[in-house]
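Some notes on the structure that comes next.
The values are calculated or read from the model by the stated rules, or taken from the named source; none is laboratory data. Since the model is a prediction, treat every value here as computed from it, not as a measurement. Reconstructed Cβ throughout: ideal geometry from the backbone, glycine too, with neighbour counts over all protein chains shown. For the accessible areas, the whole protein counts, side chains as well, though only heavy atoms, and no ligand, DNA or RNA atoms are used. Shrake-Rupley method; radii C 1.70, N 1.55, O 1.52, S 1.80 Å.
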Amino acid sequence: MKTLLSLFLFLNTIIASSQVLPPLHNYEPSLYHAGNQNWMVSESDDHFIYVANNKGLLEYNGSQWTLYKTPNESIMRSVKAQGDRIYTGCYMDFGYWIRDDSGRLNYTSIIEKTKFQLQEDEQFWNIIVKNDYVLFQSRSRIYFYDIDSGEVSQIAEQTEINKFFQVGDTYYYHVLGEGLFQVVNKQPQLKGSIDFFLEETIILMFEYHSKVYLLTQDAAVYLYKDGEVSLVGSCELNQKITVYSASLLSNNNLLLGTIANGVISMDLEGKVNYALNQGDGLANNTCLYVYEDSSKNVWFGLDNGISSISIDSPYQVYNDNAGNLGTVYASYQSDGILYIGTNQGLFYKKSGQQKFSFIEGTEGQVWSISEHNGTVFCNHHLGVFVLRDKNARRLDNTIGTWQLYTVPNASDLIVAGTYKGLQVLTNTTGQWEFRNKIDGFDISSKDIIAYKDLVYVNHEYKGVFKITVDREFKKLTKLEKIEELGKGIGSDITDFKGKIFYSKRDAIYVKTSANSKFVKHKELSNIVASGEYTSGTFIKNDGYLWLFNSSQIYKINIEDINGSYNIESIPLGHELRREKIGYENLTKVGPKNYLIGTSYGYTTLNQNSSNTLSHKVYINNLCRLDKSTPTSLSLKSPSEIPYKNNHLQITYSSPFYKTLSIVEYQFRLLGEDEEWSPWSKVNSTELKNLSYGEYTFEVRSRVNTILSDNVATIDFTVAKPYYATSVAIAVYIIILVLIILVLNGFYIWYFKRQKQRALQKQQKELELKSLTNEKNLVELRNEKLRSDIEHRNKELAISTMAMIKKNETLNELKVELDNLPKSVASRSLKKMLDKNLNSKQDWLTFEEAFNNADKDFFKKIKELHPSLSSGDLRLCVYLRLNLSSKEIAPLLNISPRSVEIKRYRLRKKLALSRDDSLTSYIVEI
């Protein structure tokens, strides 16, 4: 099975025949949102790119595409930018676009403005602009437009104009079957009528080193002089080519746009530099237009999309689009042979060849390629291979090997870091072979260095081990773990110029001598800081120590004189490098020319090539978002934004088009915050809820790490809210004055009222005092009356008690008289006693005293019970005084029993029930 696979790979070496090409960038129709076909490309003074598209005029500012539809909805065939105007030609119309204050382009039709009559069904395929006039070419005519006067005139007419050329200050056009014409003083003159001009289709006419050359449809270059032509060269590709468009580039090479073969770069003799087609990543194989801009970017207007390449880029790209090579893990150049180690095996290519060939027997993962003592080794999943030319010999007994390291002071010994510890290779008979495994250490040894009698091994998950071996490198004598270094994914250890380096996320440690400790190096540690870290893999190549992070490649050297570090950064980020993280690799392939392995092939870096990153930033649009509906505002004069709707969106861009470059933006709003925002790839920002006042918005850009040449600014003002305007303030002042007047009036009224209230209070207090005095007088009177009543009641009580005592005494005397012998004297005395017991005068005296004490009683009881007799009233009086029957009996000169009978009769007269108390009733009247 292995044999069949090897044979298959060997026979299919042409699958790895991709080319090293300039960096390519594609713009699909789905990106720019317009038609598929793109007929012509031009660049304005501010480096914006304009494309004549099927749907209209495309504008690209470096960040976004904008489509301006053709006014008559026809296909736009031509475009040329000059000054502040963008001239375009389409079906039955040509004119120009000018940017308004808000930054949008507005169209003016020259045909409509001048009322010029065109030929039926004319389309305009080319535009040539000079300072004071413009030439528009259709298939049958050429028109002259005078910019100053605004007049249009016809200067040429033919049945079929193939192409229209400007050569220096001279204008030519070619008519198939008729010849080559030159326009002189607005008149055509036939300059070439030989068979060549009648039969060949001329695609390009150009001047080079003061000579005029022609390029034909079949990719042949001719020298033109005095109506005659001579062949200079033709495209060396062994296939039929039909050229549709072409351009002589600033590097003196021709770039041909073909109908079906993509684009081809060749010199004037026809030697091909490279051919770029759909298989190499070009968006489409039919190229309708080739245009080089001022920054040496070449744009291709394609039948389906737009592509661009950077011809002066220091980078060249080998894209393994078919996946035949795989991910590149290692590379090495030796004796004119370039070796590439991938996940699929080992490939090689000799100098001058474009095709890579597979080296038989090396199927599988290659981890590294290195040279030791004049021998090139391939460290492979299957073991160690010795390379010689296109052959690879596996060393017996070797197992999966990560890398090799020559033992210090023993050039015939090599330590191999393998999947299961360390092995030793030796060269005893002129050939390298396996010698032994170092016993006592079986841990995977991906990163190793031999330092004196020590071997350092780094394991991403376990840390760094310091291994002491015996003098013969056969067994382990001591094993230590360097705890202070810790461990980390993507960590690595290496030596460089007598020092040992260990790297992981956020830290690079350096050990300067055998007895010193690892010390964190501050400057180097910045390279692997968390925000920039991809891996800590070290690469030693070309006398430098290389290190990659997310945004840069670092080239590190240590000065021999003073030991200082010289760190050079190369602005190529991981997003553009696309390497396998943790397995970064770089190899010198020429003077200051390096190959960087990627996941899709490799990229070459030529540090001898200038990489101009000069650029500017522009503000493209300022708009107010009112309920998410944008309203464009002026970019030329400060705008005033209503306070209520101060939700703004500002878009900006840097027209920098070099592939393998990253453009980022940073802004600040003076008047609110002096600090710059974080760098971002987003080319717009929104400003919300701004306070009223004047603002200046500033934006700058950077390409990789190079700042823009300018800072773009725009001023605007957020209007005061209605409640802070001058009118509102005047109203507030008036209201304040009115309030002061009202308050003043209120205070006057209030104080008057308070004064009146005080007077009223004083008067009331006097009245109250008077009433109090009167009350006191009344109380004194009442007190006197109560005193009188109490006195009278006392007198009444004394009188009553005296009457009771008197009657009791008289009754006792009467009883004593009844016990004495009866005589006249006793009878007379008894009569006298009876008269005193029933004395009417005593009752009258008592009644008068009772009336003084309770004068209304008799009146009330007589009103309630008019039928009561005087005896009943007398009993009622005694009951009101709360006297008992025993106390009443002497007063009535009757027995207590008779009193009870009287009480009973009185109860009846008063109509009281059994439950009602007679005494209580009498007392309550």
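I'm checking my understanding of the structure. Among residues of the stretch 421-449 that are among the basic types (Lys, Arg) and part of a strand (DSSP E or B), which one is most open to solvent (accessible area, probe 1.4 Å)? Walk me through how you get there before you give the answer.
So the first thing to find is which residues in the stretch 421-449 are among the basic types (Lys, Arg), and the list is 435, 437, 446.
Still in the list and also part of a strand (DSSP E or B): 435, 437.
Values: Arg435: 80, Lys437: 65 Å².
For the stretch 421-449, the residue satisfying everything is Arg435.
Quick one: which of Tyr244, Tyr329 is at negative phi, surrounded by fewer than 19 Cβ atoms within 10 Å (Cβ to Cβ), assigned to a strand (DSSP E or B) and in contact with a Gly (Cβ under 9 Å, 6 or more places away or on another chain)? I'd like the intermediate steps shown before the answer.
Working: Tyr329 fails: surrounded by fewer than 19 Cβ atoms within 10 Å (Cβ to Cβ).
Answer to the check: Tyr244.
Which of the following residues is out of contact with any Lys or Arg (no Cβ under 6 Å at 6 or more places or on another chain) and within 16 Å of Thr685 (Cβ to Cβ): Leu605, Leu595, Leu635, Leu613? Walk me through it before giving the result.
Details: Leu605 fails: within 16 Å of Thr685 (Cβ to Cβ); Leu595 fails: within 16 Å of Thr685 (Cβ to Cβ); Leu613 fails: within 16 Å of Thr685 (Cβ to Cβ).
On inspection, the qualifying residue turns out to be Leu635.
Scan the stretch 873-925 for residues that are among the acidic types (Asp, Glu), part of a loop (DSSP other than H, G, I, E, B) and more than 21 Å from Glu863 (Cβ to Cβ) and report the count.
First, the residues of the stretch 873-925 that are among the acidic types (Asp, Glu): 887, 900, 915-916, 924.
Next, only the ones that are part of a loop (DSSP other than H, G, I, E, B) stay: 915-916.
This time we only want the ones that are more than 21 Å from Glu863 (Cβ to Cβ), so: 915.
Qualifying residue count, the stretch 873-925: 1.
Is it true that Gln154 is open to solvent by less than 60 Å² (accessible area, probe 1.4 Å), of a type in the set (S, T, N, Q) and assigned to a strand (DSSP E or B)?
Values: open to solvent by less than 60 Å² (accessible area, probe 1.4 Å): no; of a type in the set (S, T, N, Q): yes; assigned to a strand (DSSP E or B): yes.
Judged against the criteria, Gln154 is not a match.
For Val742, only one of the following conditions fails: (1) under 27 Å from Asn611 (Cβ atoms); (2) open to solvent by 80 Å² or more (accessible area, probe 1.4 Å); (3) β-branched (Val, Ile, Thr). What is its number?
Checking Val742 against (1) under 27 Å from Asn611 (Cβ atoms); (2) open to solvent by 80 Å² or more (accessible area, probe 1.4 Å); (3) β-branched (Val, Ile, Thr), the one that fails is (1).
Determine whether the stretch 302-317 contains at least one residue that is within 39 Å of the chain's Cα centre (by Cα), on the phi < 0 side of the Ramachandran plot and free of Cβ contacts under 8 Å to residues at least 60 places away in the same chain.
Of the residues in the stretch 302-317, the ones within 39 Å of the chain's Cα centre (by Cα) are 302-317.
Now narrow it down to the ones that are on the phi < 0 side of the Ramachandran plot: 302-304, 306-317.
Okay, now just the ones that are also free of Cβ contacts under 8 Å to residues at least 60 places away in the same chain, so none.
No, the stretch 302-317 has no match at all.
Taking the conditions exactly as written (open to solvent by less than 60 Å² (accessible area, probe 1.4 Å), assigned by the TED database to the domain that holds Leu58, at pLDDT below 95 and of a type outside the set (S, T, N, Q)), does Gly103 satisfy them or not? Lay out the reasoning, then the answer.
On the way: open to solvent by less than 60 Å² (accessible area, probe 1.4 Å): yes; assigned by the TED database to the domain that holds Leu58: yes; at pLDDT below 95: yes; of a type outside the set (S, T, N, Q): yes.
Considered against the rule, which asks whether it is open to solvent by less than 60 Å² (accessible area, probe 1.4 Å), assigned by the TED database to the domain that holds Leu58, at pLDDT below 95 and of a type outside the set (S, T, N, Q), Gly103 comes out as yes.
Any residue in the stretch 66-87 that's outside any loop (DSSP other than H, G, I, E, B): show its pairings with residues that are open to solvent by less than 30 Å² (accessible area, probe 1.4 Å) and acidic (Asp, Glu) at Cβ separation under 9 Å, as long as the two are six or more apart or on different chains.
Thr66/Glu59; Leu67/Glu59; Tyr68/Glu59; Ala81/Glu43; Ile86/Glu59
Output the number of the condition that Ser551 fails; it satisfies all remaining conditions of (1) in the same structural domain as Glu694 (by the TED database); (2) open to solvent by less than 50 Å² (accessible area, probe 1.4 Å); (3) of a type in the set (Ser, Thr, Tyr).
Condition not satisfied by Ser551: (1).
Looking at (1) crowded, with 21+ Cβ neighbours inside 10 Å; (2) of a type in the set (Gly, Ala, Ser); (3) part of a loop (DSSP other than H, G, I, E, B), which is the only condition Gly361 fails?
It is condition (1) that Gly361 fails.
Please state which one of Glu73, Glu120 is farther than 30 Å from Phe358 by Cα, of a type in the set (Asp, Glu) and out of contact with any Lys or Arg (no Cβ under 9 Å at 6 or more places or on another chain).
On the way: Glu73 fails: out of contact with any Lys or Arg (no Cβ under 9 Å at 6 or more places or on another chain).
Only one candidate passes the filter, namely Glu120.
Looking at Gly341, Gly345, Gly279 in this structure, which one is among the small types (Gly, Ala, Ser), over 30 Å from Glu207 (Cα atoms) and at pLDDT below 95? Before the answer, list the steps.
Working: Gly341 fails: at pLDDT below 95; Gly345 fails: at pLDDT below 95.
The conditions single out Gly279.
Please go through the stretch 583-597 and pick out each residue that is open to solvent by less than 30 Å² (accessible area, probe 1.4 Å) and modelled with pLDDT under 95.
Going residue by residue through the stretch 583-597, those that are open to solvent by less than 30 Å² (accessible area, probe 1.4 Å) are 584-587, 590, 594-597.
Gly590, the sole residue that qualifies.
Inspect the stretch 484-505 for any residue being open to solvent by 40 Å² or more (accessible area, probe 1.4 Å), in contact with a Phe, Trp or Tyr (Cβ under 6 Å, 6 or more places away or on another chain) and within 29 Å of Lys580 (Cβ to Cβ) and give the result as yes or no.
Yes, the conditions are met somewhere in the stretch 484-505.
From the list Phe116, Phe136, pick out the single residue that is farther than 26 Å from Pro29 by Cβ, in contact with a Phe, Trp or Tyr (Cβ under 7 Å, 6 or more places away or on another chain) and of a type in the set (A, V, I, L, M, F, W, C). Lay out the reasoning, then the answer.
Working: Phe116 fails: in contact with a Phe, Trp or Tyr (Cβ under 7 Å, 6 or more places away or on another chain).
Selected residue: Phe136, the only one of Phe116, Phe136 that is farther than 26 Å from Pro29 by Cβ, in contact with a Phe, Trp or Tyr (Cβ under 7 Å, 6 or more places away or on another chain) and of a type in the set (A, V, I, L, M, F, W, C).
Would you check if Tyr173 is open to solvent by less than 40 Å² (accessible area, probe 1.4 Å), outside any helix (DSSP H, G or I), without any contact (Cβ under 8 Å) to a residue 60 or more places away in the chain and not assigned by the TED database to the domain that holds Thr216?
Details: open to solvent by less than 40 Å² (accessible area, probe 1.4 Å): yes; outside any helix (DSSP H, G or I): yes; without any contact (Cβ under 8 Å) to a residue 60 or more places away in the chain: yes; not assigned by the TED database to the domain that holds Thr216: no.
Answer is no for this residue.
Only one of these is touching a helix residue (DSSP H, G or I) at 6+ places or on another chain (Cβ under 9 Å) and under 30 Å from Asp303 (Cα atoms): Gly227, Gly257, Gly177, Gly233. Name it.
Residue meeting the stated conditions: Gly177.
Considering each of Gly179, Gly192 in turn, give the residue that is more than 15 Å from Gln137 (Cα to Cα), touching a residue at least 12 places away in the same chain (Cβ under 8 Å) and surrounded by fewer than 20 Cβ atoms within 10 Å (Cβ to Cβ). Show your work before the answer.
Working: Gly192 fails: surrounded by fewer than 20 Cβ atoms within 10 Å (Cβ to Cβ).
Of Gly179, Gly192, the one residue that is more than 15 Å from Gln137 (Cα to Cα), touching a residue at least 12 places away in the same chain (Cβ under 8 Å) and surrounded by fewer than 20 Cβ atoms within 10 Å (Cβ to Cβ) is Gly179.
Looking only at the stretch 43-65, filter to residues that are outside any strand (DSSP E or B) and without any contact (Cβ under 8 Å) to a residue 40 or more places away in the chain; which one of those is surrounded by the fewest Cβ atoms within 10 Å (Cβ to Cβ)? Spell out how you get there, then give the answer.
Residues of the stretch 43-65 outside any strand (DSSP E or B): 44-48, 54-55, 61-64.
Narrowing the set further to residues that are without any contact (Cβ under 8 Å) to a residue 40 or more places away in the chain leaves 45, 54-55.
Working: Asp45: 10, Asn54: 17, Lys55: 20.
Only one residue tops the list, namely Asp45.
State all residues of the stretch 269-298 that are in a loop (DSSP other than H, G, I, E, B), of a type in the set (D, E, K, R) and farther than 12 Å from Val41 by Cα; if no residue qualifies, say none. First the steps, then the outcome.
Taking the stretch 269-298 as the starting set, the residues that turn out to be in a loop (DSSP other than H, G, I, E, B) are 269-271, 277, 281-286, 293-296.
Still in the running and of a type in the set (D, E, K, R): 269, 271, 293, 296.
Of everything in the stretch 269-298, those that are in a loop (DSSP other than H, G, I, E, B), of a type in the set (D, E, K, R) and farther than 12 Å from Val41 by Cα turn out to be Glu269, Lys271, Lys296.
Hey, Ser609 hits all of (1) at pLDDT 90 or above; (2) open to solvent by less than 60 Å² (accessible area, probe 1.4 Å) but one; which does it fall short on?
(1)
Could you list all residues from the stretch 666-681 that are open to solvent by less than 50 Å² (accessible area, probe 1.4 Å) and part of a loop (DSSP other than H, G, I, E, B)?
If the condition is that a residue be open to solvent by less than 50 Å² (accessible area, probe 1.4 Å) and part of a loop (DSSP other than H, G, I, E, B), then Ser677 is the only one that fits.
I'd like to check something: does the stretch 468-487 contain any residue that is assigned to a strand (DSSP E or B), in contact with a strand residue (DSSP E or B) (Cβ under 9 Å, 6 or more places away or on another chain) and within 27 Å of Gln552 (Cβ to Cβ)? If you could, list the steps in order and put the result at the bottom.
Within the stretch 468-487, the subset assigned to a strand (DSSP E or B) is 468-469, 475-481.
Checking which are in contact with a strand residue (DSSP E or B) (Cβ under 9 Å, 6 or more places away or on another chain) leaves us with 468-469, 475-481.
Then keep just the ones that are within 27 Å of Gln552 (Cβ to Cβ); that gives none.
No, the stretch 468-487 contains no residue that is assigned to a strand (DSSP E or B), in contact with a strand residue (DSSP E or B) (Cβ under 9 Å, 6 or more places away or on another chain) and within 27 Å of Gln552 (Cβ to Cβ).
Under 8 Å by Cβ, and 6 or more places apart or on different chains, what pairs join a residue from the stretch 226-239 that is over 16 Å from Glu207 (Cα atoms) and open to solvent by 100 Å² or more (accessible area, probe 1.4 Å) with one that is outside any loop (DSSP other than H, G, I, E, B) and not hydroxyl-bearing (Ser, Thr, Tyr)?
Once the first residue is over 16 Å from Glu207 (Cα atoms) and open to solvent by 100 Å² or more (accessible area, probe 1.4 Å) and sits in the stretch 226-239, its partners that are outside any loop (DSSP other than H, G, I, E, B) and not hydroxyl-bearing (Ser, Thr, Tyr) give Glu236/Met266; Glu236/Val272.
I'm told Leu256 meets every condition in (1) over 16 Å from Tyr274 (Cα atoms); (2) of a type in the set (A, V, I, L, M); (3) under 56 Å from the mean Cα position of the chain (by Cα) except one. Can you identify the failing condition by its number?
For Leu256, the failing item is (1).
Just checking, how many residues over the stretch 100-139 are touching a residue at least 12 places away in the same chain (Cβ under 8 Å), under 30 Å from Thr651 (Cβ atoms) and assigned to a loop (DSSP other than H, G, I, E, B)?
4
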